[in-house]
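Let me begin by presenting the structure, written as structure tokens, before commenting on it.
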Amino acid sequence: MSTGTAPVPAAAPSPTPAPVRLLDDASVDELHRAADEILTAFGTSATSPALLRRVRGSAAALGPSIRHQCRPVDTDAGLFVLRGLRVDDARIGATPESWRTAGDAGAHHDIALLLLATVMGDPIAWEGQQEGRFVHNIVPAPGHEREQTGASSSVLLSPHTEDAFHPGRAHLLMLTCMRNHDAIATTAASVRRTRLDDATVEELTRPVLPILPDDAYAEAQGFAGEPPRVPALWRAPDGLTLRFDPAYTPLAEATPEYRAAYRRLEDELARVSVAVSLSPGEVLVVDNDLVVHGRVPFTARYDGTDRWLKRASVRVPGRRTRPAAEAGEHGYGQAAIEAHAAEAPAA
Ligand SMILES: O=C(O)CCC(=O)C(=O)O
Ligand SMILES: [Fe+2]
């Protein structure tokens, strides 16, 4: 159709500018069957020690194909999209009005996500967030439009490390899409794709500023202890990692040199940022030590058809992507609860 003289349309952004890992049909069946069995046995996705034990057992029995697709992030992009899961738009029902009222909405997918998270590592929950659930519902909520939390909509959710304030934060962040009619993108920027001069990296590896708890942690925000100063960048054995949340970092307290270096990092992250618009059934897996994520602004519908993601946070035992000094941080009184840390006592 096109001729040499026809105007060239502006290049459309790639719909999913992220490495995609396709689950084969047999793996998808296997995962959905395992999730169904657990949901039938327990009647809820609310996690009890018994349900978590069952998830651990079922995850261990999943086949080599799923395990292969759940291997660690293996490119500088620091993320991948797992594709193939089936979401029945009618069966999942209306998008919940907020995480508070979500309850067991889409419970099958809570369990499927927990199974995948357990293949990748150890899922974590926070007592102070979404009532201690291991799988969070990310939906826009009335009254929260302008927050820097998952419940917002009308503002840019600025790029951040998930739970950056805490030494027990996830190594991996997983977002499963239930519904996204308006193709609203998650943004992601990998520090391994930035170009920073050595002086900037040196400046930002010094522990100069704290990262304060975000608005999803009301209790931690009232913590009385002295906020620890933490480095924004760290030279890990296999490359640069970052801990970054400008919305909760008191930059005004730093020297002009530090602020300039921080701005260079922000600019570079903006330059390499990609927009990933998830479709139902896709799972975005982000390495939380390499990649900061956020979300573009959007107008919430509030009619039961809103964008709806489910989120899991995962720790990967034995990783060496963070400075040893983090072990001494108080974490603002918040504790991450590991799903499979030890045999949980019977409730
Ligand atoms: O809504 C999104 O795409 C990402 C929200 C977010 O930052 C999160 O779930 O941690
Ligand atoms: Fe986030």
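The values are calculated or read from the model by the stated rules, or taken from the named source; none is laboratory data. As the structure is a prediction and not an experimental result, all values here were calculated from the model. Cβ coordinates were reconstructed from backbone atoms using ideal geometry, including for glycine residues, and neighbour counts include every protein chain displayed.
Cβ separations smaller than 6 Å between residues 6+ apart or across chains give the following pairs from the range 147-159 residues that are under 11 Å from Gly294 (Cα atoms) and among the polar types (S, T, N, Q) to residues that are modelled with pLDDT of 95 or more and within 9 Å of ligand 1 (Cβ to nearest atom): Ser158/Gly294. In the range 210-220 there is no residue that is crowded, with 21+ Cβ neighbours inside 10 Å and away from ligand 2 (no atom under 16 Å from the Cβ).
If you go through the range 138-176 and pick out every residue that is within 13 Å of ligand 2 (Cβ to nearest atom), under 11 Å from the mean Cα position of the chain (by Cα) and of a type in the set (Ser, Thr, Tyr), you end up with 1. Among all residues of the range 30-52, there is none that is under 20 Å from the mean Cα position of the chain (by Cα) and closer than 30 Å to Val191 by Cα.
Confirm whether Val230 is touching a Gly at 6+ places or on another chain (Cβ under 8 Å) and not charged (D, E, K, R).
no
The set of residues in the range 185-209 being part of a helix (DSSP H, G or I) and buried (at least 16 other Cβ atoms within 10 Å of the Cβ) consists of Val191, Arg192, Arg193, Thr200, Val201, Glu203, Leu204. Evaluated against (1) within 18 Å of the chain's Cα centre (by Cα); (2) surrounded by 21 or more Cβ atoms within 10 Å (Cβ to Cβ); (3) under 22 Å from Asp287 (Cβ atoms), Ile111 falls short on exactly one condition, (3). Of all residue pairs spaced 6 or more apart or on separate chains, those with beta-carbon atoms under 6 Å, a first member in the range 306-328 that is within 16 Å of ligand 1 (Cβ to nearest atom) and polar (S, T, N, Q) and a second member that is modelled with pLDDT of 95 or more and part of a loop (DSSP other than H, G, I, E, B) are Ser313/Ala170.
Here's the yes/no breakdown for (1) closer than 25 Å to Gly281 by Cα; (2) β-branched (Val, Ile, Thr); (3) more than 10 Å from ligand 1 (Cβ to nearest atom):
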| residue | (1), (2), (3) |
| --- | --- |
| Leu157 | yes, no, no |
| Ala170 | yes, no, no |
| Thr187 | yes, yes, no |
| Arg195 | no, no, yes |
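When we screen Leu79, Leu22, Leu85 for residues that are surrounded by 19 or more Cβ atoms within 10 Å (Cβ to Cβ) and farther than 30 Å from Asp303 by Cα, the only hit is Leu79.
Applying the condition of being of a type in the set (Gly, Ala, Ser) and more than 16 Å from ligand 1 (Cβ to nearest atom) to the range 237-289 and asking which residue is surrounded by the fewest Cβ atoms within 10 Å (Cβ to Cβ) yields Ala252.
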